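Chemist: Just dropping this structure here.
The values are calculated or read from the model by the stated rules, or taken from the named source; none is laboratory data. Not measured: the values here are computed from a predicted model. Accessible surface is based on the protein model in full, side chains and every heavy atom, while ligands, DNA and RNA are left aside. Shrake-Rupley method; radii C 1.70, N 1.55, O 1.52, S 1.80 Å.
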Amino acid sequence: MEINVLNIKGQETGRKVTLNESIFGIEPNDHVIYLDVKRYLADQRQGTSKAKERSEHAGSTRKLGRQKGGGGARHGDINSPLLRGGGRVFGPRPRDYRFKLNKKVVALARKSALTYKAQENAIIVVEDFNFEAPKTKEFLSIVKNLNVEGKKLLLVMPESNKNVYLSARNLQKAECIIASNVNTYKVLNADVMVVTENSLKAIDGILG
């Protein structure tokens, strides 16, 4: 598939790039996409929730009532889970939700996500650019020139660019990442991908 290369004014430069068929033209695998998205979301979980159990509560350990003859259920101290303010039975404990996927599975998931974006014609290739200083106004003008206003935008840069990153940071529907950090979740979560020419080469080098 060939795509016209645009400049930041949204005009055609007269150049075209060919998307690598082994990355943007494979048979998508929905199951590995599910696994990789699940892994990514699990990695974001802090896993710090904690509830106090019976032995962790501060309170007297005196037995509140006699064992038999009280006319009710037997129970021990005031920290009993049966009483208000007592410990919690099988409460949450800090845990790590992360799990591992094989590299080939992750690569296949990313290729599948990129293929879906190519099939939807949701990939825009622009020539490489830079900002002299962080300017959200300049970034907004690029978004307007590319006719992607109101859409979730994923901008892929070849390497870390502080000025471009800071220019896009304040926008709710825009995100700037580098080519090596492209993942299945971010690709699928975006309505349109804006990829610079060198970023496309970097993605070819990583997944090709």
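Chemist: Inverting the mean 1/r over all pairs of different Cα atoms, compute the Kirkwood radius of the chain and quote it in Å.
Modeler: Computed over Cα pairs of the chain, the Kirkwood hydrodynamic radius comes out at 20.8 Å.
Chemist: Here is a follow-up. If amide H atoms are built 1.01 Å from N in the plane of the peptide, which residues on other chains or at least 5 residues away come under 5 Å of the amide H of Val126?
Modeler: HN-HN under 5 Å from Val126: Leu6, Val195, Thr196, Glu197.
Chemist: Also: If you line up the long axis of helix 136-145 against the longest principal axis of the chain, both from Cα atoms, how many degrees apart are they, to the nearest 10?
Modeler: That works out to roughly 60 degrees.
Chemist: Okay, next question. What angle, in degrees between 0 and 90 and rounded to the nearest 10, separates the Cα long axis of helix 30-44 from the longest principal axis of the Cα atoms of the chain?
Modeler: The helix 30-44 is inclined about 60 degrees to the chain.
Chemist: Summarise the accessible area of the chain (1.4 Å probe, protein heavy atoms) by the percent that is carbon and sulfur. All intermediate terms of the calculation are to be shown ahead of the outcome.
Modeler: On the way: 6290 of 13260 Å².
Carbon and sulfur: 47 percent of the exposed surface of the chain.
Chemist: Let me ask something else about it. Using a 1.4 Å probe on the protein heavy atoms only, what accessible surface does Asp128 show? Give it in Å² to the nearest 10.
Modeler: That residue has around 70 Å² of solvent-accessible surface.
Chemist: Report the per residue volume, in Å³, of the convex hull enclosing the C-alpha atoms of segment 30-78. Please list the in-between numbers first.
Modeler: Details: hull volume 6.2 nm³, N = 49.
Spelled out: Cα convex hull of segment 30-78, divided by residues, is 127 Å³.
Chemist: What does the accessible area per residue of the chain come to in Å², with a 1.4 Å probe and no ligands, DNA or RNA counted? Numbers along the way, then the final one.
Modeler: On the way: 13260 Å² over 208 residues.
Each residue of the chain exposes 64 Å² on average to a 1.4 Å probe.
Chemist: Can you put Lys50, Lys162, Lys186 in order of accessible area, largest first, using a 1.4 Å probe?
Modeler: Numbers: Lys50 100, Lys162 150, Lys186 40 Å².
The most accessible residue leads, giving Lys162, Lys50, Lys186.
Chemist: Still on this structure, I have one more. To the nearest 10 degrees, how steeply does helix 197-207 sit against the main Cα axis of the chain, on a 0 to 90 scale?
Modeler: 50
Chemist: Need one number: the % of Cα-Cα pairs in segment 1-119 sitting beyond the 26 Å mark.
Modeler: Details: 4116 of 7021 pairs.
In whole percent, the long-distance tail amounts to 59.
Chemist: Related question: Run the helix sum for the chain: -39,500 (n - 2.57) per DSSP H stretch of 4+ residues, divided by residue count, reported at 222 nm to the nearest 500 deg cm²/dmol. Walk me through the intermediate numbers first.
Modeler: Numbers: 7 runs with 71 residues, N = 208.
Calculated from helices alone, the mean residue ellipticity at 222 nm is -10000 deg cm²/dmol.
Chemist: Follow-up question, since we're still on this one. Let a ≥ b ≥ c be the square roots of the eigenvalues of the Cα gyration tensor of segment 63-160; is it rounded (a/c under 1.5), or, if not, prolate (a/b larger than b/c) or oblate? Show your work: numbers first, answer last.
Modeler: Numbers: a/c = 4.42, a/b = 2.94, b/c = 1.50.
Prolate, because a/c is 1.5 or more and a/b exceeds b/c.
Chemist: Normalised by the residues of segment 1-127, what does the relative contact order come to in percent, with Cα pairs under 8 Å and at least six apart? Please list the in-between numbers first.
Modeler: Values: 172 pairs, mean separation 47.3, N = 127.
Computed value for segment 1-127: 37 percent relative contact order.
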